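Laboratory data are not the source of any read-out in this text; all were calculated from the coordinates shown. Here the structure is a predicted model, which is why all the values come from computation and not from measurement. Quick reminder, even Gly has a Cβ in these numbers, built from the backbone with ideal geometry, and neighbours come from all protein chains shown.
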Amino acid sequence: MQHDPRILVADDHGIVRMGLIQVIQRLKPKAILTEVNDYETLYAHIGKEKYDLAIIDVNMPNGTVQEAIEIIKIKQPKMKILIFSSQDEQLYAIRYLQMGADGFLHKLSSSEKINKALNTMLEDGKYISDEVRDAMVMSTLKKQNSSSASIESLSNRELQVANKLCEGIPLKEVSDQLNLHTSTISTYKNRVFEKLEISSIPELIELFRMYNQ
């Protein structure tokens, strides 16, 4: 990349943005940085400024990551998208890549890995960790050898609800966190149980534990 990179950092936690921006400034002192704290502001900036890279947290107010990826692909198809999330890398990274993201970086990554991801995104436009690459291979093998009763058969929203349930969060609280009606969360829960051929939360927790081994 010949010009000074223009990077948009989107995260609703100020301390996370500050830390990430400091890392970027050390790595790319001439980078032109913009920070936003929700999807609505992200969309506004994308509509009026050109960027080389957007680093996006998943759980921000006023939008969804899928919508953000779609809007970026329409308005700025050359902009690269790096998802920066604390979600389980092996469960979620592949899904975001399938949505159209160009890379996934876990928030607990080492400085060395963050540097590598940023450099790779700016130079090559793609980044996945070795762990995600291995998970992609294993996912392909599992799909070839497993029945339909697998975690990979869940939709993104079903997986999100399932993770909340595994954390022991009550349905009402899950509905508040995801901004969905309680009856909708119950429907997702029923779908998860049906797809995974289980009938209880302990069974769900055990399935996720086995999957992550």
- Can you name every residue in the range 54-102 that is within 23 Å of LYS116 (Cα to Cα) and polar (S, T, N, Q)? SER85, SER86, GLN87, GLN90, GLN98
- Task: Say whether the condition of being loosely packed, with under 12 Cβ neighbours inside 10 Å, over 16 Å from the mean Cα position of the chain (by Cα) and touching a residue at least 24 places away in the same chain (Cβ under 8 Å) is met by at least one residue in the range 21-35.
- Result: yes
- Checking ASP52, ASP57, ASP38 in turn, the sole residue that is charged (D, E, K, R), over 14 Å from the mean Cα position of the chain (by Cα) and within 29 Å of CYS166 (Cα to Cα) turns out to be ASP38
- Message: Can you confirm whether ALA93 is buried (at least 21 other Cβ atoms within 10 Å of the Cβ), in contact (Cβ under 8 Å) with a residue 40 or more places away in the chain, within 19 Å of ALA44 (Cα to Cα) and touching a helix residue (DSSP H, G or I) at 6+ places or on another chain (Cβ under 8 Å)?
- Response: no
- Query: Out of all the residues in the range 63-79, which are among the β-branched types (Val, Ile, Thr), buried (at least 16 other Cβ atoms within 10 Å of the Cβ) and within 21 Å of ASN179 (Cα to Cα)?
  - Reply: VAL65, ILE69
- Task: Filter the range 81-130 for residues that are assigned to a strand (DSSP E or B) and either β-branched (Val, Ile, Thr) or over 10 Å from the mean Cα position of the chain (by Cα) (or both) and give the result.
- Result: ILE81, ILE83, TYR127
- Note on the structure: Checked the range 179-197 for anything within 14 Å of ILE169 (Cα to Cα) and over 22 Å from the mean Cα position of the chain (by Cα); matches are THR182, SER186
- Query: What do you reckon, is VAL192 out of contact with any His (no Cβ under 9 Å at 6 or more places or on another chain) and touching a residue at least 24 places away in the same chain (Cβ under 8 Å)?
  - Reply: yes
- Query: For the range 148-175, which residues satisfy the criterion of being closer than 12 Å to PHE208 by Cβ, in contact (Cβ under 8 Å) with a residue 40 or more places away in the chain and of a type outside the set (A, V, I, L, M)?
  - Reply: SER150, ASN163, CYS166
